[in-house]
C-alpha cells in the first residue's frame, strides 16, 4: 500500500492515524488480463488505483467501434467519472489489459473519508482538476494537431505502454484508424 500513500503524499500529508483509516476503506484485488471492472450501462461504484498492470477505459459506438478514452498504469487512478459522481449508468467499460493489482475505493467510503479526513477531499479535488485539464488538452490536441504530433504526445505521456498495448488501441486513443496508424508509424520509423 506504499504506492497509494506516496500518490496521496504528492498533494496532501496524512498522519499515521489518517493513513490507517484511509487504508482500512480500500480493497485490493488481482485481476487477469481482459477482466472487465466496469461495463457500459452500469453505475460506477468505485474509483481504481493501479498498483501494477494496465487498465483502459473505452466505449463502443453503434457501429461496434471501440474508442479508447484513457489508460492507467502503475500509480494512476481510473474511474468513469460521469457515472461515479452522478451515480447514473455510464457509457464506459474499464478493462484490465495486463494482469493487474488494483485498489478499489467505493463511492460510499470515499464520501465517508471526506468527512473523517477532510484533506482527502482536497486530494481528490486536485486529481479531478488534473484530469479535467488533461482531458481538455487532449480534446484540443485531437481538434488541432496532426496525428503524428498526437502520437508523439502519447509516447511522452505513456512511454512504457507503447510496446505493451495493442497498436489498434493506441490508434483509437489518438483518433485514427489502425490502418492509418500502421502507415504513419512506418513513415515515422523511416525518418
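Every read-out reported here was derived from the displayed coordinates using simple, explicitly stated rules and does not represent laboratory data. A quick note: this is a predicted structure, and the numbers were derived from the prediction, not measured. Methodologically, a virtual Cβ is constructed for each residue, glycine included, from the backbone with ideal geometry; neighbour enumeration extends over all protein chains shown.
Below are the figures for this structure:
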| quantity | calculated |
| --- | --- |
| Mean Cα-pair separation over length for region 56-126, i.e. relative contact order, pairs under 8 Å, 6 or more apart, % | 25 |
| Between region 25-101 and region 113-160, the Cα center-to-center distance that results, in Å | 16 |
| Linear extension gain, residue 13 paired with residue 183, 0.36 nm per residue minus alpha-carbon span | 56.4 nm |
| Cα gyration tensor, region 91-141 - rounded (a/c under 1.5), prolate or oblate | oblate |
| Relative exposure of 46, 163, 11, judged by other C-beta atoms within 10 Å (fewest first) | 163, 11, 46 |
| Ranked 150, 125, 56, criterion: other C-beta atoms within 10 Å, fewest first | 125, 150, 56 |
| Mean Cα-pair separation over length for the chain, i.e. relative contact order, pairs under 8 Å, 6 or more apart, % | 23 |
| Extension gain from residue 74 to residue 112, taking 0.36 nm per residue of separation minus the Cα-Cα distance | 11.1 nm |
| Cα convex hull of region 32-83 - mean projected area over all directions, nm² | 3.8 |
| Estimated [θ] at 222 nm from DSSP helical runs (n ≥ 4, -39500 (n - 2.57)) normalised by residues in the chain, nearest 500 | -15000 deg cm²/dmol |
| Anisotropy class of the chain from Cα gyration tensor, a/c 1.5 cut | prolate |
| Choice from 152, 17, 121 showing the highest fluctuation, given a GNM over the chain with Cα pairs closer than 10 Å | 17 |
